[in-house]
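Data first, discussion second: the structure below is written as structure tokens.
The values are calculated or read from the model by the stated rules, or taken from the named source; none is laboratory data. It should be emphasised that the depicted structure is a prediction, and the values quoted were computed from it without experimental measurement. Cβ atoms come from the backbone with ideal geometry, glycine included; neighbour counts cover every protein chain shown. What goes into the accessible areas is simple: the full protein's heavy atoms, side chains included, and nothing from ligands, DNA or RNA. Shrake-Rupley method; radii C 1.70, N 1.55, O 1.52, S 1.80 Å.
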Amino acid sequence: MDLGPHAGFIIASYAICFGVVAGLILWVRLDKSRLDSTLKDLETQGLAKTRRTPEKPDRQ
């Protein structure tokens, strides 16, 4: 496979894109674990409850 005279640019571009995508995946996974931990702490304190929409009176 011949990438021509721009092989360095092409390979660097793919490497940068791979790095950015891997970084975003890592960031999302770390943030999810942080949020899960925070939610668990709130639940043990009794502050986090199931969200519900307020009941609306029946219109007749």
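In the full protein context, the chain carries 106 Å² of accessible surface per residue, based on a 1.4 Å probe and ignoring ligands, DNA and RNA. The figure for residue 44 is an accessible area of roughly 110 square angstrom, using a 1.4 Å probe on the protein chains alone. Between the residues 16, 5, 47, the greatest Cα displacement towards the positive end of the dipole of the chain, with unit charges on the Cβ of Lys, Arg, Asp and Glu, is found for 47. Modelled spin-label separation between residue 9 and residue 28, with each label point placed 7 Å from Cα along the Cα-to-Cβ direction: 3.1 nm. The average projected area of the chain, computed from the convex hull of its Cα atoms over all directions, is 9.6 nm². Helix 7-45 and the longest principal axis of the Cα set of the chain meet at an angle near 20°. With contributions of -39500 (n - 2.57) from each DSSP H run of at least four residues, the per-residue ellipticity at 222 nm computed over the chain stands at -24000 deg cm²/dmol.
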